[in-house]
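Report on the structure given below.
The values are calculated or read from the model by the stated rules, or taken from the named source; none is laboratory data. Since we're looking at a predicted model, the values are computed, not measured. In this analysis, Cβ positions are derived from the backbone assuming ideal geometry, glycine residues included, and neighbour counts consider all displayed protein chains. Areas reflect the complete protein model, heavy atoms only, side chains present, ligands, DNA and RNA absent. Shrake-Rupley method; radii C 1.70, N 1.55, O 1.52, S 1.80 Å.
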Amino acid sequence: TLKRVDMFWENVWVIVHLLVVALCIILINRTNHTPEEEKDPEKLHFWLLNALQFVFGGLLSTFLVFYFRSGSFLVSWPFLLLLGLAFIANERLKHHFARVGFQISFFYLSLFSFSIFLIPVLLHDIGTKVFLISGVASLIVLTLFLILLRKLARDTFLESKKVVRISVATIFLVFNFLYFFNLIPPIPLSLKDAGIYHSLVKNTDGAYTAEREQTTWKNYFQMYDDIHTLSPETLYAYSAIFSPPALNTNIVHEWQKYSDSANTWVTMSTVTLPVVGGRDGGYRTYSTRENPEQGKWRVNIETPRGQIIGRIYFAVSHTQTEPALITETKN
């Protein structure tokens, strides 16, 4: 049901969940309660805690889906792991939701995760400045909520004030660390399609006609696609990048070859390409490499500051006979 990060109703759905979370936190902490009430279905406190856990589960599920679509798991796994651990903690540590520090930690994690992709959609821009604005926006919203919570549940709030400060500061610093080391997916951009082709021609109707090698079911279990080239030959790296309407930006195709002697990836060329936002199937573009050497290759599809949107892995082998090719259309 989650289609795009820029869709109105998807974002309304997230905002409603955040408002329900805020309401539950306030109601839970307004009155004193006993541990027995947490397990008694006849008490309101029992249902508030269950509602809080349920809504947090919906929020974390949404963020996992959206962020997973926007990056390469092999690169962004620390951030996705963080969201995954938060999701598991939400399921396993239900009894901790009675603590205001635990509640606020999950609330701020959700606020920051939401603002990271909402602010670029609203500002029609991405980059370091926009990320910093997202962080400031999440802190402002949280501060306003904490002011309200302090007025309505003063005693409970003051008891956990130090814990709240430490948890919020930790989440803020961890998110910034992950971003500046390019470990957070470049949401709201996402890779809709990508591949290596032997030929790529744009037709008069705007579609691309592409020729690629035939594959079998075994290819789904291989990290590297086998590419057989005649000499000389040019390979085409095709990508379709989704970007929200009015968010026009650039991406980079970084062609890298694996060096067995140095045991590392070596950048052979980089190509900067424009992306125009608004197309549901992604903005289609490509780069080329003439006469690629034999060996393992990859094309990093990334933002100008190095955030990985996706990767194409392939292994080049020279051949004397033309490989069997199939034709497909990229609409």
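Does the range 35-56 include one or more residues that are closer than 17 Å to Pro188 by Cα, open to solvent by less than 50 Å² (accessible area, probe 1.4 Å) and modelled with pLDDT of 90 or more? So far as the range 35-56 goes, no, none of its residues is closer than 17 Å to Pro188 by Cα, open to solvent by less than 50 Å² (accessible area, probe 1.4 Å) and modelled with pLDDT of 90 or more. Among residues of the range 306-331 that are closer than 14 Å to Arg212 by Cα, those with a Cβ under 9 angstrom from a residue that is assigned to a loop (DSSP other than H, G, I, E, B) and β-branched (Val, Ile, Thr), sequence gap 6+ or separate chain, pair up as Ile326/Thr215. Among the residues of the range 37-76, the ones that are outside any loop (DSSP other than H, G, I, E, B) and free of Cβ contacts under 8 Å to residues at least 60 places away in the same chain come to 23 in all.
The single residue among Leu158, Leu149, Leu118, Leu142 that is open to solvent by less than 40 Å² (accessible area, probe 1.4 Å), part of a helix (DSSP H, G or I) and either at pLDDT below 95 or in contact with a strand residue (DSSP E or B) (Cβ under 9 Å, 6 or more places away or on another chain) (or both) turns out to be Leu149. Within the range 108-157, restricting attention to residues that are of a type in the set (Ser, Thr, Tyr) and touching a Leu at 6+ places or on another chain (Cβ under 6 Å), the residue that is nearest to Gly71 (Cα to Cα) is Ser110. Of the candidates Ala237, Ala246, the single residue that is within 30 Å of Tyr108 (Cβ to Cβ) and in contact with a His (Cβ under 7 Å, 6 or more places away or on another chain) is Ala246.
For Asp225, state whether it is open to solvent by 40 Å² or more (accessible area, probe 1.4 Å), closer than 24 Å to Gly71 by Cβ and not β-branched (Val, Ile, Thr).
yes
Of the residues Leu191, Leu183, the single one that is open to solvent by less than 70 Å² (accessible area, probe 1.4 Å), part of a loop (DSSP other than H, G, I, E, B) and either more than 30 Å from Leu27 (Cα to Cα) or basic (Lys, Arg) (or both) is Leu183. Just to be sure, is Asn263 open to solvent by 70 Å² or more (accessible area, probe 1.4 Å), in contact with a Pro (Cβ under 6 Å, 6 or more places away or on another chain) and modelled with pLDDT under 95? No; evaluated as a whole, the condition is false for this residue. Residues in the range 212-221 that are surrounded by 12 or more Cβ atoms within 10 Å (Cβ to Cβ) and at pLDDT 75 or above: 3 in all. Number of residues in the range 231-256 that are open to solvent by 50 Å² or more (accessible area, probe 1.4 Å), without any contact (Cβ under 8 Å) to a residue 60 or more places away in the chain and in contact with an Asp or Glu (Cβ under 8 Å, 6 or more places away or on another chain): the value is 1. Pairing each residue of the range 204-223 that is without any contact (Cβ under 8 Å) to a residue 12 or more places away in the chain with any residue that is among the aromatic types (Phe, Trp, Tyr) and open to solvent by less than 40 Å² (accessible area, probe 1.4 Å), provided the two are 6+ apart or on different chains, yields C-beta distances under 9 Å for Gln222/Tyr313. The number of residues in the range 215-259 being among the hydrophobic types (A, V, I, L, M, F, W, C) and part of a helix (DSSP H, G or I) comes to 2. Residues of the range 315-331 that are touching a strand residue (DSSP E or B) at 6+ places or on another chain (Cβ under 6 Å) and open to solvent by less than 60 Å² (accessible area, probe 1.4 Å): Ala315, Val316, Ser317, Thr319, Pro323, Leu325, Glu328, Lys330. Give the residues of the range 298-314 that are open to solvent by 20 Å² or more (accessible area, probe 1.4 Å) and part of a strand (DSSP E or B), sorted by residue number. Within the range 298-314, Arg298, Glu302, Arg311, Tyr313 qualify.
Going by what's in this entry, would Ser167 be described as of a type in the set (Ser, Thr, Tyr), free of Cβ contacts under 8 Å to residues at least 24 places away in the same chain and open to solvent by less than 30 Å² (accessible area, probe 1.4 Å)? Step through it out loud before you land on a result.
Values: of a type in the set (Ser, Thr, Tyr): yes; free of Cβ contacts under 8 Å to residues at least 24 places away in the same chain: no; open to solvent by less than 30 Å² (accessible area, probe 1.4 Å): yes.
No: the conditions fail for Ser167.
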